[in-house]
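Taking it in order: structure first as structure tokens, then the write-up.
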Amino acid sequence: MKKLFPVIWLVFTFVLVVGCASEKEASQGYNGKEKEQKKAASVRGKLNIEDYFPMVENVKYVYEGKGNEYASYHVMVDYLEKGRVQQRIDNGGTVLANVIQLKDGKLKRILTREEAYYRENLLKAKGGEEEILLMDPLVKGTSWKLKDGRIRKITNTAASVNTPSGSYRAIEVMTKDKDSQTLDYYAKGIGLVKSVFRSGEMEVSSSLSKVEENVPFVQEVRFFYPNIDDEKLSDQTKKISFKTNDLTRKKLEETYKQPVSPPLGKVFSKNTKINSLYLNKDGIVYIDLNQAFMKEMNAGAGYESMILQSIANTFGQYYHAEKVILTIDGKLYESGHISMKKGEYLPVQY
């Protein structure tokens with residue numbers, strides 16, 4: 001079930017970790033002193049964004065929070081390609097899918113999806129708004145304006161930051177509006193190590209506690225099966241380990257093929273393949289199986305109905321959806337017992 005959480009965590013996480021507003025991409029302004037600092041920095045050696053926001057697979061970042069129960073969270077990497085990373089941000093109350101892109105000297109949040117309890121590759125998905133989190137040149141004074149009027153600015157390139165994971169010299173980025181201020185700290189070779197949000201007397205912070213390498217994302221998934229004895233459905237919860245860039249449909253397919261003991265009956269045969277699986281914008285899960293699923297089923301009308309209901313419950317539950325549309329090699333499902341019309345769906349019924 002979807003969990004409720006305070007609005008403050010959404011504000012805190014969107015602003016400090018993943019961002020929540022669009023920005024005008026042309027809004028840099030420097031006074032004479034800041035121009036001199038830029039020139040001096042170019043002489044000393046240019047700082048690179050990729051050094052301060054490394055994109056690494058199979059890593060888990062754990063943050064310790066203060067000031068709000070949802071300020072503690074952890075970040076894992078679901079998908080990664082050159083210059084683009086999809087994060088899974090879990091604070092115990094909800095999960096956000098966050099896609100960040102590094103391109104043309106700008107580190108941008110290009111998509112955020114709330115309540116993303118499922119695992120789906122969103123690297124190519126289009127978001128409604130983008131926000132620059134960090135941009136070149138990485139020198140004190142670089143600034144840009146967000147669409148909502150807030151100003152984001154690099155205020156220090158060698159700030160001393162203490163966290164439970166250690167002490168760092170970091171780039172400090174300040175985001176200001178008339179009522180609040182946010183400080184984000186990026187350390188070389190690690191990324192975001194601390195965020196501090198202040199509004200009036202309130203202060204909420206998240207600090208890096210530890211970084212775990214070569215760690216898979218482990219997810220518990222309920223799989224439904226026909227129960228031959230009572231002609232009802234039964235379910236088993238299984239743990240699936242995902243590494244960065246693992247295909248969710250492949251891992252679910254492999255797990256669904258694992259042997260089950262009587263009185264449970266198999267749903268996926270040996271040669272069944274999931275051609276495609278996704279949650280559409282209409283809130284319906286679309287799953288396409290290969291022809292082997294039907295050829296190797298060997299079931300009467302009643303048992304076939306139980307198999308289809310098992311599929312609907314398994315994949316509908318995984319995506320927290322109420323409807324599932326099943327096709328075979330891109331065509332409408334049609335067997336000797338059951339024929340589905342275009343747009344007809346399987347209802348999720350537990």
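The values are calculated or read from the model by the stated rules, or taken from the named source; none is laboratory data. Quantities reported herein were computed from a predicted structural model and do not represent experimental measurements. As a convention, Cβ positions derive from the backbone with ideal geometry for all residues, glycine included, and neighbour counts pool all protein chains shown.
Give me the residue from region 268-281 that is part of a loop (DSSP other than H, G, I, E, B) and not polar (S, T, N, Q) and, out of that set, farthest from F293 (Cα to Cα).
Applying the filter and picking the extreme gives K281.
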Checklist outcome for this item: When (1) buried (at least 18 other Cβ atoms within 10 Å of the Cβ); (2) closer than 16 Å to T182 by Cα; (3) in contact with an Asp or Glu (Cβ under 7 Å, 6 or more places away or on another chain) are applied to T155, the one that fails is (1)
Checklist entry - Do we have I325 as surrounded by 15 or more Cβ atoms within 10 Å (Cβ to Cβ) and more than 30 Å from V215 (Cβ to Cβ) here? => result yes
Item to check | Qualifying residue in region 295-313 (condition: within 21 Å of the chain's Cα centre (by Cα), surrounded by 19 or more Cβ atoms within 10 Å (Cβ to Cβ), in a helix (DSSP H, G or I) and not aliphatic (A, V, I, L, M)) | outcome: no
Item to check | R150, sole failed condition from (1) within 29 Å of G316 (Cβ to Cβ); (2) in contact (Cβ under 8 Å) with a residue 12 or more places away in the chain | outcome: (1)
Item to check | Odd one out for G343, checked against (1) surrounded by fewer than 19 Cβ atoms within 10 Å (Cβ to Cβ); (2) of a type in the set (G, A, S); (3) touching a residue at least 60 places away in the same chain (Cβ under 8 Å) | outcome: (3)
Next on the checklist: One residue is enough: does region 141-162 have a residue meeting the conditions closer than 19 Å to G65 by Cα, not assigned by TED's automatic domain parsing to the domain that holds D246, not in a loop (DSSP other than H, G, I, E, B) and not polar (S, T, N, Q)?
Outcome noted: yes
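Quick one: which residue in Y318, Y333 is surrounded by 18 or more Cβ atoms within 10 Å (Cβ to Cβ) and under 22 Å from V221 (Cα atoms)?
Exactly one residue qualifies, and that residue is Y318.
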Checklist entry - Considering only residues of region 314-350 that are assigned to a loop (DSSP other than H, G, I, E, B) and of a type in the set (A, V, I, L, M, F, W, C), which is farthest from Y286 (Cα to Cα)? => result I338
Checklist outcome for this item: How many residues of region 208-267 are buried (at least 16 other Cβ atoms within 10 Å of the Cβ), of a type in the set (D, E, K, R) and not in a loop (DSSP other than H, G, I, E, B)? The answer is 4
